[in-house]
Amino acid sequence: MTYPNELSREGVRGLENIGSSNTTNYSTYAAWLNAQLYTRFLCGHADWTPGTYNAMELASLICIDSPLMVVASDPAHILASPAVEFIKSIPTVWDKTVVLSDSKIGKYSVYAKENNGTWFVGGIASSTVNGAKVDLAEFLPDGSYTAEVWVDGASGMEKTIVTVTNGDVINIGNLTSGKGFAIRISKLSLSQYGGMVGTITVTAPAGATVKYTVDGSDPMTSTTVVACDGSITLTESCRLQVAITDGDGKGTLLSYQFNEIDPVYTFSSSMDYEDGKTTVHLSVGDGATIHYTLDGSAPTTSSPVAGDSIVITDSCTLRYLIVSEIVSKEGSLDVKVTKALEVPKSDLSLTDANPTSVSIGWGGAHYNTSMSPDNGMAARPISLGGTNIDNGTKFDRGISSNAISTYTYAVPSGYTRFVGVVGIDDCVYNNAAACGEAASTLSLAFDGNVVYTSQVFRMGEYVYFDVAIPAGAKTLTITFGDGGNGVTCDNVSLAAPGWVK
């Protein structure tokens, strides 16, 4: 590693030390900075954490030396700022710095800085400055340039663009404490200084030769250089470097990173569940179209277009393709079609009698009523087979608890079969995240001998059973097993259990 290898340091009594209530008191902000620029910053770079809410703050981005410039503004505000491209264009390292003669220690700072042929000027006032101006003869080389000027006006930041030479003076006007200005002066400009790929407009002096590279190489010497005809279309992430290779402004270079970024869609989806069908609603912002498939195949632009609703009658994976002018994006949704469960027919409900013994591994037991344990062990109706807590089939009778648990009942005489439906209760949709891993089994034992064990059932799954009662059996033990994953908030419900003659 080449030394020095320090990007920046916080060795400065910076903006956050003013206190959050005063960081928008721009007079205090400017007073502190106008002291620091002539003291601490003489020792080298420092992390001041400036904002971008007015032109004085834009100027601080120029005046402050910090190769890693940390901006203390909400990114959403920066993106919405009318000066966003100006902000993005400001370098963090400089080839030359000139402190202009109008500067006054502790009161007014005017710095001009140059990077690869482009000049930036920042002005910060912490006292009244009448007739503020920038004399370009103090730093600007010969030739004609375009100057983009941002000034704190009565109604906020105001922008002007003028053509200048080193014989000109840019008149700023009167500044009060906490106000300022920021200027970019160059022979080469872009419509966009980094960010999302797209078509970039390039402006240069008439007759100048402009070339660019997208592989990080120097356009002045690269063998991969491409001639620029006034615009550059970028479709992939790259480091764009644009230079005037001949003519007026030769040697001026701009270098910015562009990225292929998924657009921020206002995509949303919702589902309405009914017995035997699910209606899917997909929506996306203007300028994009949604194509979809239901058979597992990858959607294309030839696939059906999602309208206001898609009615689905069998559970499936809906795959969708969002298409816009910029990029395409794929995704998928698992769509479950709920169907009302059949209530097992019995001659005598199990819940007409209480269990002779109950063993619960965690939480409490619910029996003799149609209640299942919810988050915090609140009682809810037993619900099975749904895709949320509300749309499953509700049962009038049953028992519920968290695995591992057992219930023992006396077997009534004269009955030959035991029937019911068991599953992970839909109340898990309202429980902690771990309950999404809920899994259990049902085992039935008569007089201690297991005669039936179900397969493992998981969230949203259920199993019907119809088991013969061994002759002379006296007791039935019902066990809700763990399901093998160690999760104990399984919320198992045995719905409509009963005895059949």
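Annotations
- Unmet requirement for Arg319, which otherwise passes all of (1) over 33 Å from the mean Cα position of the chain (by Cα); (2) of a type in the set (Lys, Arg); (3) over 30 Å from Gly143 (Cβ atoms): (1)
- Among the conditions (1) under 22 Å from Leu140 (Cα atoms); (2) more than 24 Å from the chain's Cα centre (by Cα), Ile87 misses just one, which is (2).
- Residue in region 133-142 that is in contact (Cβ under 8 Å) with a residue 40 or more places away in the chain and of a type in the set (Lys, Arg) present: no
- In region 462-501, the residues that are within 19 Å of Val428 (Cα to Cα) and free of Cβ contacts under 8 Å to residues at least 60 places away in the same chain: Val463, Gly484, Asn485, Gly486, Val487
- Whichever residue in region 359-370 is crowded, with 16+ Cβ neighbours inside 10 Å and part of a strand (DSSP E or B) and, among such residues, is modelled with the highest pLDDT: Ile360
- Residue match in region 163-179 (condition: free of Cβ contacts under 8 Å to residues at least 24 places away in the same chain and more than 18 Å from Ser255 (Cβ to Cβ)): yes
- Residue within region 324-337 that is aliphatic (A, V, I, L, M), closer than 12 Å to Phe267 by Cα and not assigned by TED's automatic domain parsing to the domain that holds Val197 present: no
- Within region 380-393, one or more residues are of a type in the set (Ser, Thr, Tyr) and at pLDDT 85 or above.
- Test: residue in region 275-282 that is on the phi > 0 side of the Ramachandran plot, of a type outside the set (S, T, N, Q), assigned by TED's automatic domain parsing to the domain that holds Tyr292 and surrounded by fewer than 16 Cβ atoms within 10 Å (Cβ to Cβ): yes
- Residue among Val202, Val210 that alone is touching a Leu at 6+ places or on another chain (Cβ under 9 Å) and surrounded by fewer than 21 Cβ atoms within 10 Å (Cβ to Cβ): Val202
- For region 313-358, taking the residues that are of a type in the set (A, V, I, L, M, F, W, C), under 23 Å from Asn388 (Cα atoms) and at pLDDT 90 or above, the one that is surrounded by the most Cβ atoms within 10 Å (Cβ to Cβ) is identified as Leu318.
- Among the residues of region 290-303, those identified as within 15 Å of Ser332 (Cα to Cα) and either surrounded by 11 or more Cβ atoms within 10 Å (Cβ to Cβ) or among the polar types (S, T, N, Q) (or both) are Ile290, His291, Tyr292, Thr293, Leu294, Ser297, Pro299, Thr300, Ser303.
- For region 237-274, the tally of residues that are surrounded by 15 or more Cβ atoms within 10 Å (Cβ to Cβ), over 20 Å from Gly195 (Cβ atoms) and within 22 Å of the chain's Cα centre (by Cα) stands at 2.
- Subset of region 117-132 [surrounded by fewer than 17 Cβ atoms within 10 Å (Cβ to Cβ) and either touching a residue at least 60 places away in the same chain (Cβ under 8 Å) or among the hydroxyl-bearing types (Ser, Thr, Tyr) (or both)]: Ser127, Thr128
- Residue-level analysis places Ser101 among those that are surrounded by fewer than 22 Cβ atoms within 10 Å (Cβ to Cβ), of a type in the set (Ser, Thr, Tyr), closer than 18 Å to Ile185 by Cβ and not assigned by TED's automatic domain parsing to the domain that holds Gly195.
- Counting only helices (runs of 4 or more DSSP H) that sit wholly inside region 34-95, those with at least 3 residues that are in contact with a Ser or Thr (Cβ under 9 Å, 6 or more places away or on another chain) and either at pLDDT below 90 or at negative phi (or both) are 55-63, 84-89.
- Ala206 meets each of the listed conditions (1) over 30 Å from Thr28 (Cβ atoms); (2) in contact with a strand residue (DSSP E or B) (Cβ under 8 Å, 6 or more places away or on another chain) apart from (2).
- When region 146-198 is limited to residues that are among the aliphatic types (A, V, I, L, M) and in a loop (DSSP other than H, G, I, E, B), the one that is surrounded by the fewest Cβ atoms within 10 Å (Cβ to Cβ) turns out to be Ala154.
- Take the conditions (1) among the small types (Gly, Ala, Ser); (2) touching a residue at least 40 places away in the same chain (Cβ under 8 Å); (3) closer than 20 Å to Gly156 by Cβ; Ala80 misses just one of them, which is (2).
- Filter pass, Trp94 being touching a Lys or Arg at 6+ places or on another chain (Cβ under 6 Å) and not polar (S, T, N, Q): yes
The values are calculated or read from the model by the stated rules, or taken from the named source; none is laboratory data. Keep in mind that what you see is a predicted model, and the values were worked out from it rather than measured. Positions of Cβ are backbone-derived with ideal geometry, glycine not excepted, and every protein chain shown enters the neighbour counts.
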